[in-house]
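Notes follow the structure.
The values are calculated or read from the model by the stated rules, or taken from the named source; none is laboratory data. Please read these numbers as outputs of a predicted model, since none were measured by experiment. Every residue, glycine as well, gets a Cβ built from its backbone with ideal geometry; the counts of neighbours run over all protein chains shown. Note: accessible area is taken over every heavy atom of the protein model, side chains too, but ligands, DNA and RNA are not part of it. Shrake-Rupley method; radii C 1.70, N 1.55, O 1.52, S 1.80 Å.
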Amino acid sequence: MKSVLGKFIQREFGRDRYACYTDKLDRKESMDIFCDIYENLRHENSDNLNLALRDLLETVQVSIRISKNFWYISIGCFVTIATLLFLGLPAVILYTALAATGLCYVYKVVEFMCNRYCDRDVKIVLIYKIALFHLLEESCLQNEGHEI
């Protein structure tokens with residue numbers, strides 16, 4: 001399972017570039033990633049850059065929401081299990097409901113862990129954000145008539 005940020009980077013740049021970026025991070029070549037992203041985005045107009053920034057911010061919000069909601073999901077899962085145990089349901093229904101609840105919770109735990117501990121993806125997203133900000137600043141300065 002990929003993190004939300006990893007899926008975003010793959011959607012923006014493709015799987016091959018994502019794999020290349022993770023390899024470069026392992027070799028501590030962050031500037032190469034920045035230069036590659038910068039070159040890819042350099043020819044975009046400011047509207048497309050603003051759209052890309054909006055998509056990035058929305059994806060980061062989703063990632064944060066997954067982390068925040070996990071605690072509520074955990075509490076809900078334990079309340080559900082306690083309720084099922086105290087209802088006095090027949091064994092077949094009880095075990096089926098407990099298994100379904102357990103599987104859903106395991107999925108949410110895996111999703112939480114993937115999004116919580118995705119250091120590589122966070123680093124790539126931060127580099128992407130810096131490139132976007134730099135290009136948007138350049139675009140703004142050019143619109144005002146300043147030399148870069």
Out of (1) open to solvent by less than 40 Å² (accessible area, probe 1.4 Å); (2) within 28 Å of Ser139 (Cα to Cα); (3) of a type in the set (Val, Ile, Thr), the odd one out for Val60 is which?
(1)
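Look through Leu53, Leu98 and report the one residue that is open to solvent by less than 90 Å² (accessible area, probe 1.4 Å), in a helix (DSSP H, G or I), of a type in the set (A, V, I, L, M, F, W, C) and modelled with pLDDT of 95 or more. Reasoning before the result, please.
On the way: Leu53 fails: modelled with pLDDT of 95 or more.
Going through Leu53, Leu98 in turn, the sole match is Leu98.
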Filtering the range 1-21 down to residues that are touching a residue at least 24 places away in the same chain (Cβ under 8 Å) and part of a loop (DSSP other than H, G, I, E, B), which residue is surrounded by the fewest Cβ atoms within 10 Å (Cβ to Cβ)?
Met1
Does Ser67 satisfy the criteria of being over 16 Å from Leu135 (Cβ atoms), open to solvent by less than 70 Å² (accessible area, probe 1.4 Å) and either at pLDDT 95 or above or within 17 Å of the chain's Cα centre (by Cα) (or both)?
yes
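Got a number for residues in the range 135-145 being surrounded by fewer than 15 Cβ atoms within 10 Å (Cβ to Cβ) and modelled with pLDDT of 85 or more? Lay out the reasoning, then the answer.
Initial filter on the range 135-145 (surrounded by fewer than 15 Cβ atoms within 10 Å (Cβ to Cβ)): 137, 140-145.
From what is left, the residues that are modelled with pLDDT of 85 or more are 137.
Number satisfying all stated conditions: 1.
Pick from Lys24, Lys108: which is part of a helix (DSSP H, G or I), without any contact (Cβ under 8 Å) to a residue 60 or more places away in the chain, open to solvent by 50 Å² or more (accessible area, probe 1.4 Å) and of a type outside the set (Phe, Trp, Tyr)? Working first, answer last.
Numbers: Lys24 fails: open to solvent by 50 Å² or more (accessible area, probe 1.4 Å).
The unique qualifying residue is Lys108.
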What's the total number of residues in the range 27-43 that are charged (D, E, K, R) and open to solvent by 80 Å² or more (accessible area, probe 1.4 Å)?
4
